[in-house]
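Encoded as structure tokens, the structure appears first; notes follow it.
The values are calculated or read from the model by the stated rules, or taken from the named source; none is laboratory data. Everything numeric in this text was worked out from a predicted model, so none of it was measured. Note that each Cβ is placed from the backbone with ideal geometry, even for glycine, and that neighbours are counted across all protein chains shown.
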Amino acid sequence: MPEENVTPPGTQGPRRGRYPGARHRSSTGADRVRSAVRRLSRPGRRRRWAVAVVTAPACLAALLAYLNWGCGPAPEEPPVAGSVPAGVGRPSGPPGTQPAAGPASPGLRPRQRPPSPSPTATPAPPTPTPAPPPVLTLTRNDVPAEVDLTAVGTRDWIHWGLRGDDSTVRKRGGSGEIRDDGGSGRRGSWDGNQETFRWRGGTPVESTDGTPHGVYTCGVGRGFTLAVAGSGQPRTVHVYAGTWMARGRFDARLSTGGPTRTLRMEDPHTSRSAEFVVRFQAPEGARLVLTWTAEHAFTDDCAGVNLQAAALR
């Protein structure tokens, strides 16, 4: 089909070629074929675009399905003999150090075990309190003209000789820590002491305003023995005793052992009295042992020692 010469508006005559002398060529058979192919190819391109638009979503969906199928969970395989079962973690330490099986602790990352509880400290056994060292001292004082046994013996006291050779008066409700363990020689009561003793709250005699009574024994080696129970606490014992024309020996010792404290007193012509003060500390079950004995006689006329009272505070 011959090409048409189109003259644009406003132009005169047919369109000329670019170069002078160019001639308009008439359409050949090849030109007509190319024109026909172009006309036929235009609808084909339209169909291809339409097919691409339709098939693109389907291909995308198929691709996504394939990817999802490839990323899914792998099928479980039967466990191999000797292998660790699925879901069981491998131990992170030597055998015997793993914690007991139990519910998982929340908030822990994989392969992380909860911290072991702090070991409870075992309290140290109490240190036994050492027993206090024994204490024993002995001094001698002059006897006051009047002795108030109630004031001196706040824990216990005892008086001898008020109503005869074997008469004793004790503190009513006292601790009973003072004990008369006897001694050697026969005892006698007398009322020739230069000092007097009074008390309140005694038994069997309730009170007295002052008495010079006491007990005595004659002869060398004769005398009296007293004992005072230990309590673990410091104690002070007052013993009121004297001599008659003799030399007396006062000994103090603890039943648990240790040194003996000794004091002597004498008067070769007449009687003499003294207050022996013993300070001691002994454990429970131990005893303070006191002896007052005639060590020497200055006359054959019943020279010896005497005893009036004892008090504990």
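Within the stretch 147-167, can one find any residue that is closer than 25 Å to GLY258 by Cβ, at pLDDT 95 or above, surrounded by 10 or more Cβ atoms within 10 Å (Cβ to Cβ) and hydroxyl-bearing (Ser, Thr, Tyr)? Scanning the stretch 147-167 turns up no residue that is closer than 25 Å to GLY258 by Cβ, at pLDDT 95 or above, surrounded by 10 or more Cβ atoms within 10 Å (Cβ to Cβ) and hydroxyl-bearing (Ser, Thr, Tyr).
Quick check, is THR236 surrounded by fewer than 19 Cβ atoms within 10 Å (Cβ to Cβ) and touching a Leu at 6+ places or on another chain (Cβ under 8 Å)?
yes
Listed by first and then second residue, the pairs linking a residue in the stretch 195-222 that is farther than 14 Å from LEU162 by Cβ and without any contact (Cβ under 8 Å) to a residue 60 or more places away in the chain to a residue that is among the basic types (Lys, Arg) and surrounded by fewer than 22 Cβ atoms within 10 Å (Cβ to Cβ), with Cβ atoms under 7 Å apart and 6 or more places separating them unless they lie on different chains, are GLY201/ARG172. Being polar (S, T, N, Q) and in a loop (DSSP other than H, G, I, E, B) is the filter; apply it to the stretch 224-233 and report the residue that is surrounded by the fewest Cβ atoms within 10 Å (Cβ to Cβ). Top of the filtered list is GLN233.
Test GLY248 against the stated conditions and say whether it is on the phi < 0 side of the Ramachandran plot and surrounded by 23 or more Cβ atoms within 10 Å (Cβ to Cβ). Step through it out loud before you land on a result.
Numbers: on the phi < 0 side of the Ramachandran plot: yes; surrounded by 23 or more Cβ atoms within 10 Å (Cβ to Cβ): yes.
For GLY248, the condition - on the phi < 0 side of the Ramachandran plot and surrounded by 23 or more Cβ atoms within 10 Å (Cβ to Cβ) - is met.
Enumerate the pairs (first residue in the stretch 173-191 and under 12 Å from GLY153 (Cα atoms) and hydrophobic (A, V, I, L, M, F, W, C); second residue anywhere and modelled with pLDDT of 95 or more and assigned to a strand (DSSP E or B)) with beta-carbon separation below 7 Å, excluding pairs fewer than 6 apart on the same chain, so at least 6 apart or on different chains. Between residues of the stretch 173-191 that are under 12 Å from GLY153 (Cα atoms) and hydrophobic (A, V, I, L, M, F, W, C) and residues that are modelled with pLDDT of 95 or more and assigned to a strand (DSSP E or B), the close pairs are ILE178/ASP156; ILE178/ILE158; ILE178/LEU226; ILE178/VAL228; ILE178/ALA310; ILE178/LEU312. Just to be sure before I move on: is PRO126 farther than 22 Å from VAL277 by Cβ, exposed (fewer than 10 other Cβ atoms within 10 Å of the Cβ), modelled with pLDDT of 60 or more and of a type outside the set (Phe, Trp, Tyr) in the structure I sent? Yes: the conditions hold for PRO126. Restricting the stretch 195-210 to residues that are under 57 Å from the mean Cα position of the chain (by Cα) and more than 19 Å from SER273 (Cβ to Cβ), the residue that is surrounded by the most Cβ atoms within 10 Å (Cβ to Cβ) is GLY202.
Only one entry of GLY185, GLY192, GLY221 meets the criterion of being within 30 Å of SER255 (Cα to Cα), more than 55 Å from the chain's Cα centre (by Cα) and surrounded by fewer than 16 Cβ atoms within 10 Å (Cβ to Cβ), and that entry is GLY221.
Return yes or no: is ALA311 under 47 Å from the mean Cα position of the chain (by Cα), under 20 Å from GLN194 (Cα atoms) and surrounded by 23 or more Cβ atoms within 10 Å (Cβ to Cβ)? Talk me through it step by step, then tell me what you get.
Values: under 47 Å from the mean Cα position of the chain (by Cα): yes; under 20 Å from GLN194 (Cα atoms): yes; surrounded by 23 or more Cβ atoms within 10 Å (Cβ to Cβ): yes.
Yes.
Would you pick out the residues in the stretch 287-299 that are modelled with pLDDT of 95 or more and either surrounded by fewer than 15 Cβ atoms within 10 Å (Cβ to Cβ) or not β-branched (Val, Ile, Thr) (or both)? Of everything in the stretch 287-299, those that are modelled with pLDDT of 95 or more and either surrounded by fewer than 15 Cβ atoms within 10 Å (Cβ to Cβ) or not β-branched (Val, Ile, Thr) (or both) turn out to be ARG287, LEU288, LEU290, TRP292, ALA294, GLU295, HIS296, ALA297, PHE298.
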